[in-house]
């Protein structure tokens, strides 16, 4: 009986982690579809919910003067799950009104999804990448305290 319970627990843990992975559809929703949803006033994607996680900002110096950037972190949760399948970062550069939507995949997501995330971040100019790294570091620290 104990072996059966152990197998069930291991199986449930495996299934839970397998279902938590960020899918390509979820990645595309966060990086493209969410913007369309907000701008068009559409309803939330069926079967999901967002939870606000954390906000932070950073001011960096440039040749043109200080540049403020803000980052709003939102967890994307599947219906009935309590672990986010991905984190959306709404990144804003305030001087030129640049806004971007970045998906940080679930840690067990496929290499393909993680490579898409890396390629997106790699495309940022130096100051933007540093600001994003600061925001991610601050948010990681925020969650470590809980």
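The values are calculated or read from the model by the stated rules, or taken from the named source; none is laboratory data. Just so we're clear, the structure is a prediction, and the values are computed from it rather than from any experiment. Cβ coordinates were reconstructed from backbone atoms using ideal geometry, including for glycine residues, and neighbour counts include every protein chain displayed.
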- Note on the structure: Reported set for the stretch 135-146 where residues are touching a strand residue (DSSP E or B) at 6+ places or on another chain (Cβ under 9 Å) and either modelled with pLDDT of 85 or more or farther than 16 Å from residue 93 by Cα (or both) is 138, 139, 142, 143
- Residues being closer than 22 Å to residue 33 by Cβ and touching a helix residue (DSSP H, G or I) at 6+ places or on another chain (Cβ under 6 Å) - total across the stretch 55-75: 2
- Message: Please go through the stretch 112-134 and give me each residue that is without any contact (Cβ under 8 Å) to a residue 60 or more places away in the chain and farther than 21 Å from residue 78 by Cα, ordered by number.
- Response: 115, 118, 119, 121, 122, 123, 124, 125, 126, 128, 129, 133
- Filtered residues of the stretch 38-83 (kept if closer than 18 Å to residue 129 by Cα and under 21 Å from the mean Cα position of the chain (by Cα)): 55, 56, 57, 58, 68, 69, 70, 71, 72, 73
- May I ask you to verify whether residue 67 is under 22 Å from residue 25 (Cβ atoms) and in contact (Cβ under 8 Å) with a residue 12 or more places away in the chain? no
